[in-house]
Amino acid sequence: MTSREIREQFLDFFKSKGHRIVPSSPVVPFDDPTLLFTNAGMNQFKDVFLGTGKRDYKRAADTQKCIRVSGKHNDLEEVGHDTYHHTFFEMLGNWSFGDYYKAEAIEWAWKLLTEVWKIPKERLWATVFRTDDEAFDLWKTKTDINPKHILRFDEKDNFWEMGETGPCGPCSEIHINLGDDFENPKYVNAGVPECIEIWNLVFIQYNRDETGKLTELPAKHVDTGMGFERVCAILQKKNSNYDTDVFSPLINEISKLSGVKYEKEEDKIPIRVIADHARALTFAIADGAVPGNEGRGYVLRRILRRAARYGRKLNLHKPFIYRLVDVLVKTMGDVFPEIREKQEFVEKVIKAEEESFNATLDRGIELFEEVTIELKKKGEKIIPGVAVFKLYDTFGFPVDLTNIMAAEKGLTIDEEGFNKLMEVQRQKGRESAKDKFTSVNIAVTDLSSFEIVDTAKTEFTGYDELKSEAKIVGYKRDNGNDLIVLNKTPFYVEAGGQIDDLGYIILETIPLNVIDVTKVDNKIVHVIENAKKKPVSTGRKVLAQVDEKRRWDIMRNHTATHFLHSALRKILGNHVHQAGSYVGPDRLRFDFTHFSKVEESELKEIESLVNEELRANYELQHHRNIPFDEAKKMGALMFFGDKYGDKVNVVQFGEFTKEFCGGTHVYNSSQIGLFKIINESSISSGVRRIEAVTGSGVERFIQSQFEQMKTSEIKIAELVEEKKKLEKELSELKFEEKKGQISSVLNNPSEVNGIKIYKAQVTAENNDELKSLGDELRNKTKGSVGVLFSVIDNKVGIVCVVTDDLIKEKNLSAGKIVGELAKLAGGGGGGKPHLATAGGKDITKIPLALSEVEKVVSKFL
């Protein structure tokens with residue numbers, strides 16, 4: 001079902017039960033001084049519950065616009081970091097004003113969920129207030145819920161209050177467990193994403209005054225609220241509210257604007273935050289609130305600036321939130337026509353606020369990060385008031401935003417110190433230093449005379465391999481170096497902007513450094529550093545080996561120039577052509593024709609587009625030695641600096657880039673990693689230059705930025721050490737996660753002659769991991785045989801373990817068992833009685849081998 005259908009079915013259901021379908025009240029409750037925003041569907045009926053107002057109907061239902069960002073109901077901290085909290089959300093609700101009570105509310109809720117929407121009953125749980133025996137019994141008599149799924153909780157979970165004061169009463173919540181262990185009560189109200197509340201049935205019978213005293217209301221009422229976004233996720237079978245059609249148009253637009261796909265968790269969080277906050281801002285401003293320094297305005301400013309800060313994580317540096325308003329109008333304007341009517345106004349307000357904050361946001365974030373690093377070094381947890389004040393006064397950070405940023409890092413702020421500084425309003429400024437990437441020039445030696453014993457041209461093998469067995473066909477000693485010509489070589493000679501390869505010529509077992517290569521008369525000459533004058537002569541066999549890491553860095557940068565060229569043409573125009581380049585292991589430089597400075601927004605767009613396309617996992621299509629005319633017909637662009645003959649090479653990645661090029665490239669675009677523009681400048685009239693880094697070059701650039709900001713080597717060392725520690729912890733955590741597979745294996749044993757058999761296909765990175773998983777299985781069992789299969793490097797990996805008691809009593813051997821199973825998978829192997837491994841060639845035979853485990857074990861009993 002679509003979200004539209006879900007909303008309509010809810011309203012139609014309660015309309016059939018005699019409810020008046022009422023419109024949502026504004027999200028800004030101007031007539032209620034106790035609320036900043038409407039935070040529940042019952043807000044518009046508060047006077048009815050208090051007995052100070054009435055309606056011409058006893059039953060009502062609607063979908064209410066709600067915002068929760070302050071006071072008792074504050075969801076802001078969770079927004080974006082989980083999949084089901086929101087600042088703005090719709091609340092589906094039904095009400096009874098002194099009419100029906102608990103019995104009907106419980107019965108109808110169950111019927112809608114299980115009969116109309118067909119939600120599996122076994123996954124639903126009901127909670128009641130600890131003393132509410134009436135509700136507890138009604139769940140048993142009015143529904144067919146599993147009685148074991150009715151639980152009691154205290155005030156924290158099952159006594160609902162709108163705020164510090166006002167109508168309140170016991171409630172009965174309906175939860176759904178979406179996980180595998182859905183019969184376990186421990187997940188209910190545990191705050192885990194696999195078991196969440198979807199509907200709250202509130203039985204309003206009290207009013208709490210300013211002293212906290214409860215008094216009975218004139219009449220008892222029912223107030224229910226269901227999270228619309230949550231139920232959409234359930235009915236659309238999504239793991240996240242943000243994956244439903246409620247959010248997908250917004251998320252798609254954010255991905256489009258940023259060039260960041262909604263795939264990696266580190267990218268999902270800022271995208272979710274922005275999608276949520278754009279909704280809150282649009283509806284609040286349409287209903288009359290505007291960003292400011294007090295009250296509701298301050299809350300909206302806090303939301304907007306939080307969204308803008310998360311935008312920086314997606315490289316969104318220009319106003320962008322206002323551009324999402326149109327998406328909301330198109331998807332929700334028919335249900336809430338006020339956002340369509342106020343669209344232009346909402347966009348102007350948001351854009352003006354973004355422009356105001358953007359001027360200082362980036363510098364403010366830098367200051368915040370610097371302060372938190374210093375605190376971590378000192379082991380302190382409180383951000384000084386002076387830093388909080390500087391963020392507020394100089395960079396426009398509301399203290400609330402700084403507080404949120406601090407909380408995200410497990411810190412607090414010195415609010416008292418901030419308040420003191422606010423009183424005196426001292427002015428402070430801050431400057432950001434800029435540094436440009438320094439160019440490096442590579443010299444190439446020109447050689448002309450040496451002894452040649454084979455006049456054929458040198459075969460270049462470097463497209464396919466980085467080491468080649470070769471024969472010396474030319475040699476000369478010159479100025480302490482040896483000049484060697486080989487019959488074939490993987491060493492690339494500078495051309496088309498790509499610099500020479502370096503590496504080794506291994507003569508017998510002696511590695512000789514290759515410090516330069518050049519091409520003379522179609523023969524590649526290797527300049528060898530041979531100060532010890534090791535004997536070199538023609539006819540001898542050698543191993544030519546390119547410096548692999550260096551070559552890969554060069555290939556990443558070279559491939560990136562093709563993507564950059566294409567992105568420039570797509571964003572700036574087809575007038576862009578390459579006018580020069582430099583491709584080394586450390587960086588790339590790309591010169592191109594363009595009539596004006598590339599604006600910062602354009603650079604961000606270019607960079608985002610390149611990274612987006614790199615992540616598309618394009619395989620290299622290397623069209624080698626094809627006719628020049630054929631290559632032109634393919635639509636390939638000629639690359640600057642290369643001279644083309646009758647036969648040419650064309651490098652292609654998908655349909656994004658297709659160019660003439662004789663250089664070396666990665667085999668898949670994702671191997672480049674991240675692309676980062678370092679600088680853009682003019683080198684002559686009408687010619688611009690972009691300098692950039694990729695892969696490990698990005699890591700080095702980031703490190704250099706940290707070094708520029710720091711005043712001592714100690715701070716740098718701490719950062720590096722922390723990085724190593726995290727990487728080690730991550731590695732350990734990944735394997736611990738894989739060890740969790742054993743728990744599932746233990747849950748499903750079979751049995752042969754009283755011997756338990758544990759078998760499964762598991763995930764393992766290599767044979768060592770598979771053996772470790774086997775050890776884990778063996779350590780957790782007795783009187784058993786365990787067999788684990790895995791696909792490793794597209795081959796079958798098998799490990800068999802036998803517990804010591806079976807080795808002694810039954811003379812069972814893991815080596816014999818694994819050997820038989822390996823034959824089924826087209827392989828062989830064996831090993832010790834307690835643990836043995838084997839391999840096979842045919843991964844499609846794993847299911848067959850799994851099915852034969854019991855038979856094989858029986859064979860050796």
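Each part gets one Cα centre, and for region 134-165 versus region 258-302 those centres are 34 Å apart.
Could you list the square roots of 5 times each eigenvalue of the Cα gyration tensor of region 189-249, that is, the equivalent ellipsoid semi-axes, sorted largest first and rounded to whole Å?
That gives 34, 13, 10 Å for the three semi-axes.
Seen from residue 157, the other residues with C-beta closer than 13 Å to its C-beta sum to a net charge of -3, counting Lys and Arg as +1 and Asp and Glu as -1.
Keeping every protein chain in place, order 341, 659 by accessible area at 1.4 Å, biggest value first, i.e. largest first. Working shown, then result.
Details: 341 140, 659 0 Å².
My answer, sorted largest first, is 341, 659.
Across region 313-327, coupling constants 3J(HN,Hα) worked out from phi with the 6.51/-1.76/1.60 Karplus curve, θ = phi - 60°, read 5, 10, 6, 9, 10, 9, x, 9, 5, 4, 6, 8, 4, 4, 5 Hz, and Gly and Pro carry x.
Going by a ≥ b ≥ c, the root eigenvalues of the Cα gyration tensor, does region 734-861 fall in the rounded group (a/c under 1.5), the prolate group (a/b larger than b/c) or the oblate group? Don't skip to the end; give the middle numbers.
On the way: a/c = 1.57, a/b = 1.17, b/c = 1.35.
Since a/c reaches 1.5 but b/c is at least a/b, the shape of region 734-861 is classed as oblate.
For region 619-639 versus region 729-785, the spacing of their alpha-carbon centroids is 51 Å.
What order do 175, 834 take when sorted by accessible area (1.4 Å probe), most exposed first?
My answer, sorted largest first, is 834, 175.
By the gyration tensor of its Cα atoms, with a ≥ b ≥ c the square roots of the eigenvalues, what is the shape of region 233-360: rounded for a/c under 1.5, prolate for a/b over b/c, or oblate?
Oblate, because a/c is 1.5 or more while a/b does not exceed b/c.
Farthest towards the positive end of the charge dipole of region 707-823, among the residues 819, 772, 790, is the Cα of 819, using unit charges on the Cβ of Lys, Arg, Asp and Glu. Within the straight-line cut-off of under 19 Å between alpha carbons, the aspartates and glutamates reachable from residue 658 are 591, 607, 612, 613, 619, 629, 630, 642, 646, sequence neighbours fewer than 8 places apart in one chain being disregarded. To the nearest 10 degrees, how steep is helix 133-142 against the longest Cα principal axis of the chain, on a 0 to 90 scale? For helix 133-142, the angle is close to 70 degrees. For the pair residue 463 and residue 356, a Förster radius of 60 Å applied to the C-beta separation gives a FRET efficiency near 0.65, rounded to the nearest 0.05. Surface composition of the chain: carbon and sulfur make up 48 percent of the accessible area, probe 1.4 Å. When the pairs 264/647; 213/409; 148/264; 268/420; 261/724 are compared against a 31 Å limit on Cα-Cα distance, 264/647; 213/409; 148/264; 268/420 fall above it. For the residue pairs 549/604; 759/855; 156/381, the alpha carbons lie more than 21 Å apart in 549/604; 156/381. When Rg/Rh (Cα atoms, Kirkwood Rh) is calculated directly from the model, which label among [x] 1.10; [y] 1.00; [z] 1.05 fits? Among [x] 1.10; [y] 1.00; [z] 1.05, the one calculated here is [z]. Under the convention that each Lys and Arg Cβ holds +1 and each Asp and Glu Cβ holds -1, the size of the dipole of region 739-861 around its Cα centre is about 240 debye.
Summing Lys, Arg as +1 and Asp, Glu as -1, what charge do residues with Cβ under 13 Å from the Cβ of residue 629 carry, residue 629 excluded?
Combined, the nearby Lys, Arg, Asp and Glu give +1.
Take the Cα of residue 702, step 7 Å toward its Cβ, do the same at residue 184, and the gap between the two points is 3.5 nm. Helix 265-286 and the long axis of the chain differ in direction by around 40°, with both axes built from C-alpha atoms.
Sequentially through region 726-743, phi angles give Karplus couplings (6.51, -1.76, 1.60; θ = phi - 60°) of 5, 4, 5, 4, 4, 4, 5, 5, 4, 6, 4, 5, 5, 5, x, 5, 5, 4 Hz, Gly and Pro residues having no value and appearing as x.
Inter-part distance, region 5-25 to region 787-861, computed on C-alpha centroids, equals 61 Å.
Efficiency by 1/(1 + (r/R0)^6): what FRET value for residue 860 and residue 670, r their Cβ-Cβ distance, R0 = 41 Å, to the nearest 0.05? Provide the component values of the computation, followed by the final result.
Working: r = 46 Å, r/R0 = 1.13.
For residue 860 and residue 670, the calculated efficiency is 0.30.
Between the Cα long axis of helix 767-779 and the first principal axis of the chain there is an angle of about 40°, rounded to the nearest 10.
Computed from backbone phi with θ = phi - 60° and the Karplus coefficients 6.51, -1.76 and 1.60, the 3J(HN,Hα) list for region 18-23 is x, 8, 7, 7, 10, x Hz; x is used for glycine and proline. Near the amide H of residue 313, within less than 5 Å, lie no amide hydrogens of residues on another chain or at least 5 residues away, with H placed in the peptide plane. Extension gain, residue 263 to residue 471: 0.36 nm times the residue separation minus the Cα-Cα distance gives 70.0 nm.
On the principal axes of its alpha-carbon atoms, region 339-393 has extents of 53, 19, 16 Å, going from largest to smallest.
Each of 96, 703, 484 was placed along the dipole of the chain (beta-carbon charges, centred on the mean Cα), and the one lying farthest toward the positive end is 484.
Farthest towards the positive end of the charge dipole of the chain, among the residues 520, 747, 407, is the Cα of 520, using unit charges on the Cβ of Lys, Arg, Asp and Glu.
Largest accessible area first, the residues 338, 5 order themselves as 5, 338 under a 1.4 Å probe with ligands, DNA and RNA left out.
Taking 8 Å as the Cα distance limit and 6 or more residues as the minimum spacing, I'd like the relative contact order of region 627-767 as a percentage. Relative contact order here is 11 percent. Amide H contacts of residue 834 (H built 1.01 Å from N, in plane; Pro and chain starts excluded): 814 sit under 5 Å, all sequence-distant by 5 or more or on other chains.
Using 0.36 nm per residue and subtracting the Cα-Cα separation, the extra length available between residue 729 and residue 848 on full extension is 39.1 nm.
Suppose the chain between residue 248 and residue 682 were pulled fully straight at 0.36 nm per residue; how much longer would it get relative to their current alpha carbon spacing?
Full extension from residue 248 to residue 682 adds 152.1 nm.
Here's how it looks for residue 756: its modeled amide H is under 5 Å from those of 785, which are all 5 or more places away or on a different chain.
With +1 on each Lys and Arg Cβ and -1 on each Asp and Glu Cβ, how big is the dipole of the chain about its Cα centre, in debye rounded to the nearest 20? Don't skip to the answer; put the middle values down first.
Details: 124 positive and 135 negative charges, 334 e Å.
So the dipole magnitude of the chain works out to roughly 1600 debye.
A 1.4 Å probe, protein heavy atoms only, puts the accessible area of residue 116 near 60 Å².
Tell me the per residue accessible area of region 772-851 using a 1.4 Å probe; a whole number in Å² is fine. Let's see the in-between values first.
Values: 3580 Å² over 80 residues.
In whole numbers, region 772-851 has 45 Å² accessible per residue.
With contacts defined as alpha carbon pairs under 8 Å and 6 or more residues apart, what's the relative contact order of region 675-717 in percent? Could you put the intermediate results ahead of the total?
Details: 34 pairs, mean separation 12.7, N = 43.
Rounded, it is 30 percent for region 675-717.
According to the calculation over all Cα-Cα pairs in region 486-639, the P(r) per 10 Å bin from zero is 9, 29, 30, 19, 10, 3 %. Is region 53-149 rounded, prolate or oblate when judged by the Cα gyration tensor, a ≥ b ≥ c being the square roots of its eigenvalues, rounded requiring a/c under 1.5 and prolate requiring a/b larger than b/c? Since a/c reaches 1.5 but b/c is at least a/b, the shape of region 53-149 is classed as oblate.
Below 8 Å, C-alpha to C-alpha, sequence gap of six or more: please give me the relative contact order for the chain in percent.
Details: 1596 pairs, mean separation 49.5, N = 861.
The value is 6 percent.
Please list 302-315, 360-373 highest first by mean number of surrounding beta-carbon atoms within 10 Å per residue.
Most protected by this proxy first, the peptides run 302-315, 360-373.
The values are calculated or read from the model by the stated rules, or taken from the named source; none is laboratory data. Since the structure is predicted, the reported quantities are computational estimates derived from the model, not experimental observations. So basically every Cβ, Gly included, is an ideal-geometry build from the backbone, and we count neighbours across all protein chains shown. Areas reflect the complete protein model, heavy atoms only, side chains present, ligands, DNA and RNA absent. Shrake-Rupley method; radii C 1.70, N 1.55, O 1.52, S 1.80 Å.
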